[in-house]
There are 2 protein chains.
Amino acid sequence: MRVLGVDPGLTRCGLGVVDSLSSRRVALVDVGVSRTPPDAALADRLLHIATELDDWLDRYRPDAVAVEQVFAQRNLHTVMGTSQVMGVAILAAARRGIPVAVHTPTEVKAAVSGSGRADKAQVQAMVARILGLPEVPKPADAADALALAICHVWRAAAGTAAPGTSGPTAAQRAWAEAERATRRP
Amino acid sequence: MRVLGVDPGLTRCGLGVVDSLSSRRVALVDVGVSRTPPDAALADRLLHIATELDDWLDRYRPDAVAVEQVFAQRNLHTVMGTSQVMGVAILAAARRGIPVAVHTPTEVKAAVSGSGRADKAQVQAMVARILGLPEVPKPADAADALALAICHVWRAAAGTAAPGTSGPTAAQRAWAEAERATRRP
């Protein structure tokens, strides 16, 4: 199973593709960030991000797209821009008939680090460890997109990936197994 | 000049097309609402709205698209859904190279009714009067989309239609002229 994770944002939109292997191991396929200048027109920014998303979908042909739910505590202006990119990303997948799932930050943290209260650094360190990377992908949006894609793979495997459901227990079980797998030589 | 007004919303997305005529008169071309059921998947809802938007853009080939800025006082969940549709609408226009402008509810009210504090009923009554309609278009989202399109025509004529600018004085001047025009036999 190949998953494209999208951490939506107007200034930086994180993109991460992973493949699920056997024994809950997950491999990095590609990671990057679509950037647009804050002083550009909104229409140009959305068109740029949509074009890059289309490129990634054409190049990697994921089986699913996982999008991060907008973080409720952010300010209204940020929520609007992030939601606009989220709409564009979900539409890009829908146009291709690719299933889309939305995961909350807490679900992503719980799946990847084993705790919904993990901090960003812990989650990013776990992403690097799970994927066997020598260092944490930069910027944070890129690492977050990979965390989302990993979360989706494991929640799908645990049967908790349907939008609107939440099951940290099953996700944590998947995480524990995966963490054991990364420890093997 | 032909303008498509879009009042974004997931459950009801208002669509209204007007043509500007001489002497600031404005004529109705078409009005409608794209509806999606609240219990449908978000991806299906956005795809349905995007498909209808594409149909309207292909059928009416507007010179500009005017989108309503998300109303800040709404709750976060509504802001998210509305912003997602806003992103989809702006992208649809941008893909065709059609200029997009965003107008705030206050700008729309000021342009159409002469006051930024007008209530919805006053704005809708003015929309019907300006377009010479026997009654107010229903539902409210349809009338709001027409108000947006009229606002854009007049702000463009007054040179205040650039995104991020605000000039109720020029818009009110345009309104006063137009209101006089609608009084002519």
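So here's what we get for this one:
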{"read-out": "Subset of region A:37-62 that is under 17 Å from the mean Cα position of the chain (by Cα) and within 13 Å of another protein chain (Cβ to nearest Cβ) - its residue that is surrounded by the most Cβ atoms within 10 Å (Cβ to Cβ)", "value": "A:ILE49"}
{"read-out": "The listed residue being under 22 Å from B:VAL29 (Cβ atoms) and polar (S, T, N, Q), out of B:GLN124, B:GLN84", "value": "B:GLN124"}
{"read-out": "Candidate set: region B:21-36, residues that are of a type in the set (S, T, N, Q) and at pLDDT 95 or above; chosen: the one surrounded by the most Cβ atoms within 10 Å (Cβ to Cβ)", "value": "B:SER34"}
{"read-out": "Residues (of a type in the set (Lys, Arg) and at pLDDT 95 or above) located in region B:41-80", "value": "B:ARG45, B:ARG59, B:ARG61"}
{"read-out": "Every residue from region A:69-101 that is farther than 20 Å from A:ARG35 by Cα, surrounded by 21 or more Cβ atoms within 10 Å (Cβ to Cβ) and touching an Asp or Glu at 6+ places or on another chain (Cβ under 8 Å)", "value": "A:ALA94"}
{"read-out": "Residue check for B:ALA66: of a type in the set (Gly, Ala, Ser), crowded, with 17+ Cβ neighbours inside 10 Å and over 16 Å from the mean Cα position of the chain (by Cα)", "value": "no"}
{"read-out": "Every residue from region B:90-118 that is within 12 Å of the chain's Cα centre (by Cα), closer than 30 Å to A:ALA94 by Cα and more than 9 Å from every other protein chain (Cβ to nearest Cβ)", "value": "B:ALA101, B:HIS103, B:THR104"}
{"read-out": "Some residue of region B:45-62 being in contact (Cβ under 8 Å) with a residue 24 or more places away in the chain, in a loop (DSSP other than H, G, I, E, B) and either at positive phi or among the acidic types (Asp, Glu) (or both)", "value": "yes"}
{"read-out": "Residue within region B:139-158 that is assigned to a loop (DSSP other than H, G, I, E, B) and at pLDDT below 90 present", "value": "no"}
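The values are calculated or read from the model by the stated rules, or taken from the named source; none is laboratory data. All figures in this text were calculated on a predicted structure; none of them were measured in a lab. All Cβ positions, even for glycine, are placed from backbone atoms using ideal geometry, and neighbour counts span all protein chains on display.
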